[in-house]
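The values are calculated or read from the model by the stated rules, or taken from the named source; none is laboratory data. Here the structure is a predicted model, which is why all the values come from computation and not from measurement. Every residue, glycine among them, receives a Cβ derived from its backbone with ideal geometry; neighbour counts consider all protein chains shown.
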Amino acid sequence: LTSAQYPTLRRNPDFKTLNDNDVAFFKSAIKSPAGVITADTPDELEPFNQDWMRRFKGQSTLVLRPSSTSEVSAVLKYCNDNNIAVVPQGGNTGLVGGSVPVHDEVVLSLQNMNQIREFDPVSGILTCDAGCVLEVLDNHLAQKGFIMPLDLGAKGSCQIGGNVATNAGGLRLLRYGSLHGTVLSMEVVMADGRIVECGKPLRKDNTGFDLKQLFIGSEGTLGVITSVSILTPRRSRAVNVAMLGVSSFDHLMEVFKQAKMDLNEILSAFEFFDRTCLNLVKRHIPNVRAPFDADTRFYVLIETSGSNKDHDDDKLSTFLEHVMTEGMVEDGALAQDATQAAGMWNIRETITESLAKEGGNYKYDLSVPVAQLYDVVEEMQKQLAERGLYAADGSATGAVKHVVGFGHMGDGNLHLNLTSTGWTTELTQAIEPPLYKSIQRRGGSISAEHGVGLMKAPYLSYSKSADFIDLMKSMKKLFDPKGILNPYKYFPPS
Ligand code: FAD
Ligand code: 2HG
Ligand code: ZN
């Protein structure tokens, strides 16, 4: 088994190979000396070439870190004029191989564009550079009594520009909706260097096409996002977190229905994970303890957020009484303070890290009707077991060790993960075509939130029709006629 998967895609010969004159131009266009990293310092280049999972690795010899929109514009104009391929990169936490080069594309990192431009405490509208780290923004807003409408386990590294470019979902979508609703406007640099304002930082603007929506989830293929205006809600004064143990997926669904009924407008998260996820977190993350002893098949993390603690506490106790007395839940715990609440969230948020510590990690992030979410996990276990590639007791050698499911139950979004010692083409073939066919049969989507990137590009037709993909290609031609932005990704290889 290999430790990293080098894509076998042929380099597009239309793209120019960099020479000294090109590097000299970039050094003159970017004022900060630390803004240009070359092959002279390979250790500095390495992290920009390697993705978070350590699955995909590019061979770029140049990373550019502009500090202003005009520097981004100068870089792109030059790249477009000279047919130089570019990969926009945010925090490089993407999970589909979209943020790293495939061959020698120039990495355009937004790291140095990290200024908060404006915050209006009346409207809650925040305008900031695309390279601002999500957690930094959330901490900034917390001081003013506001909150970012999205939250992810990768918050300490991912950037708001990357979040918008991937249309990230995360842990607060159930409450605050998707970025298609909360992003109000953005500044984008087109492939040819033109700087375009997509809308204004206003809640209402009914003039012209809503072009910003095209950039949300376009994964760096249509333009480089340099700033974002986003609507941020008030931070809730009262927050409760509970973790419950449930013995079957049917019970989990009953608990979900009851939560929506009893908690309604104060329900702010409904996340689930299976027993193996909890065991892996306990194995790999220091000082993690489950908040109760019962060893159940599934666990659910429920959060409520509101403005009146007594009101929320009342609602939550009614809900807990219902689910306990009606036998939907085996055991549970209610966080008594912020530290306990953070401990429960820590379990959910470190599942990804724990899975990564098992070695190679096959990740799938999909939507299917909620009732079928866990069927997808069981179907995969059965299918691989039949081929001798998986055994529930971990005895299948050299193949898959764990097949787990967790995710955003409230959004109908499952994270199916398989661990193995590495990635092989054989294993990928045993897993992917059958999985994507199954998702298509169930009327689902092959990506609920992580996007397409390099990993899912060959499989786009399982979620989108041929006509739809043709239309996407026409848009790409319009926005980036030479195809310099994030090549080899997002579109099925021709
Ligand atoms: P990158 O990884 O750097 O880039 C992602 C894509 O966006 C690439 O295609 C890149 O070219 C493009 N891009 C980046 N910045 C720009 C820009 N300024 N302009 C144009 N294109 C750009 N995702 C979720 O949706 N929900 C989760 O709950 C979630 N949890 C995660 C937890 C962990 C521990 C990890 C490691 C990842 C998680 N992710 C999650 C995936 C990832 O964090 C998100 O996709 C995130 O939005 C990526 O942001 P980034 O800044 O790291 O972007
Ligand atoms: C999450 O919800 C992220 O924690 C990552 O989207 C999911 O690791 C994964 O598969
Ligand atoms: Zn997720």
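Miscellaneous remarks
- Qualifying residue in segment 379-392 (condition: within 16 Å of ligand 1 (Cβ to nearest atom) and among the basic types (Lys, Arg)): no
- Test result for residue 60, at pLDDT 95 or above, farther than 20 Å from residue 103 by Cβ and not acidic (Asp, Glu): no
- From 2, 93, residue being farther than 24 Å from residue 132 by Cα and either modelled with pLDDT of 95 or more or under 25 Å from the mean Cα position of the chain (by Cα) (or both): 2
- Single unsatisfied condition, residue 409 versus (1) within 16 Å of ligand 2 (Cβ to nearest atom); (2) over 24 Å from residue 256 (Cβ atoms); (3) at pLDDT below 95: (2)
- The condition of being closer than 18 Å to residue 257 by Cβ, touching a helix residue (DSSP H, G or I) at 6+ places or on another chain (Cβ under 7 Å) and of a type in the set (A, V, I, L, M) holds for only one of 316, 301, 366, 355, that being 301.
- Candidates 464, 482, 489 - the one that is assigned to a loop (DSSP other than H, G, I, E, B), surrounded by 19 or more Cβ atoms within 10 Å (Cβ to Cβ) and not polar (S, T, N, Q): 489
- Filter result (part of a strand (DSSP E or B) and either more than 20 Å from the chain's Cα centre (by Cα) or more than 9 Å from ligand 2 (Cβ to nearest atom) (or both)) within segment 343-377: 360, 362, 366, 367
- Count of segment 37-51 residues which are under 19 Å from residue 486 (Cα atoms) and not in a strand (DSSP E or B): 6
- Considering 125, 84, the condition of being over 22 Å from the mean Cα position of the chain (by Cα) and either within 25 Å of residue 415 (Cα to Cα) or assigned by TED's automatic domain parsing to the domain that holds residue 172 (or both) is satisfied by 125 alone.
- Residues of segment 439-469 that are within 14 Å of ligand 1 (Cβ to nearest atom) and acidic (Asp, Glu): 449 alone.
Residue-by-condition table, conditions (1) surrounded by fewer than 21 Cβ atoms within 10 Å (Cβ to Cβ); (2) under 27 Å from residue 406 (Cα atoms); (3) within 16 Å of ligand 3 (Cβ to nearest atom):
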{"position": "123", "(1), (2), (3)": "yes, no, no"}
{"position": "155", "(1), (2), (3)": "no, yes, yes"}
{"position": "159", "(1), (2), (3)": "no, yes, no"}
{"position": "166", "(1), (2), (3)": "no, yes, yes"}
{"position": "170", "(1), (2), (3)": "no, yes, yes"}
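- Condition met for residue 134 (within 16 Å of ligand 3 (Cβ to nearest atom), in contact (Cβ under 8 Å) with a residue 12 or more places away in the chain and crowded, with 23+ Cβ neighbours inside 10 Å): yes
- Enumeration of residues in segment 157-184 that are more than 14 Å from ligand 2 (Cβ to nearest atom) and of a type outside the set (Ser, Thr, Tyr): 159, 160, 161, 164, 165, 175, 177, 179, 180, 181, 183, 184
- Subset of segment 421-461 (residues that are among the charged types (D, E, K, R), surrounded by fewer than 20 Cβ atoms within 10 Å (Cβ to Cβ) and in contact (Cβ under 8 Å) with a residue 60 or more places away in the chain): 442
- Take the conditions (1) under 24 Å from residue 369 (Cα atoms); (2) touching a Phe, Trp or Tyr at 6+ places or on another chain (Cβ under 8 Å); residue 253 misses just one of them, which is (2).
- Selection from segment 52-68 of residues that are more than 20 Å from residue 17 (Cβ to Cβ) and either among the hydroxyl-bearing types (Ser, Thr, Tyr) or assigned to a helix (DSSP H, G or I) (or both): 67, 68
- Test for residue 243: is it buried (at least 17 other Cβ atoms within 10 Å of the Cβ), over 23 Å from the mean Cα position of the chain (by Cα), farther than 25 Å from residue 269 by Cβ and in contact (Cβ under 8 Å) with a residue 40 or more places away in the chain: no
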